[in-house]
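The structure appears below as structure tokens.
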Amino acid sequence: MLELERAGHIQLPPLKRHPHNPLANRRKRATVEIDQTPIEALLAEIKPVKLCEVRRGEHETLCDSLIEQFHYLGYCQPVGEHLKYMIYAGKKPIACMTWSSAPRHIGCRDRFIGWAKADREQKLPYMAYNSRFLILPWVKVKCLASHILGRAARQIADDWQNRYHHRVYYLETFVDKERFSGTCYRAANWQCLGDTTGRGKNDQTGKANRSIKAVYGYWLTPDFREKLCGK
């Protein structure tokens, strides 16, 4: 009904009340203090780097807090099926990332995969979206970001299977072109597929109302098209 009204096809009566939506009014994540001693080293000097899946674990609050404090977008509750990771060098946290359900329609991605609408609606759960990726600001290690992305690509399908009883076959993310160049994703062999339209998923105007994002994808198996298109 709301979409019909936005499109100008009907006119609804005035809204009488605003129902409480706990998902839209989540409390700000609690601040967790940690050691911020600068880490400046070569990647080889801090290995092994460990990715710990922390959703519903004792370190989930730390992950949420660091993203809220230090990611330029802040914390946002991941949508649908999702995983959260804390990344450690020894016992020191150096980064964190979240993965969630993929956006339902991205033109350049859908064309690259070869998705028909029915395939996309059925197979979207077999993709994961990198919604947040944060290297802590006091950590200065060359090639660390691409190394973490490589580790995540080797680990995430098994973690998704353990958590949700199915695998993912394709990863994607957006890179804000006004802020970043996507270097770490390209260094980790992700492919830039094109740009978003800048209109958002519920746009009714056909005009850009947000920054244009580059769309990056990474397939976890050579037969990802067969897995995602049902062929």
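The values are calculated or read from the model by the stated rules, or taken from the named source; none is laboratory data. Since we're looking at a predicted model, the values are computed, not measured. As a convention, Cβ positions derive from the backbone with ideal geometry for all residues, glycine included, and neighbour counts pool all protein chains shown.
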Taking the conditions exactly as written (of a type in the set (S, T, Y), more than 19 Å from C96 (Cα to Cα) and modelled with pLDDT under 95), does T196 satisfy them or not?
yes
One residue is enough: does the stretch 44-59 have a residue meeting the conditions within 25 Å of V139 (Cα to Cα), β-branched (V, I, T) and at pLDDT below 95?
no
Any idea how many residues of the stretch 139-182 are exposed (fewer than 14 other Cβ atoms within 10 Å of the Cβ) and of a type in the set (V, I, T)?
0
Tell me, which strands (runs of 3 or more DSSP E) lie completely within the stretch 23-105 with 2 or more residues that are of a type in the set (V, I, T)?
92-101
Among all residue pairs at least 6 apart or on different chains, which show Cβ distances below 6 Å where the first residue, located in the stretch 119-147, is of a type in the set (S, T, Y) and the second is in a strand (DSSP E or B)?
Y129/S100; Y129/E172; S131/T98; S131/S100
In the stretch 156-182, anything under 21 Å from W219 (Cβ atoms) and not in a helix (DSSP H, G or I) is listed as H166, R167, V168, Y169, Y170, L171, E172, T173, F174, V175, G182
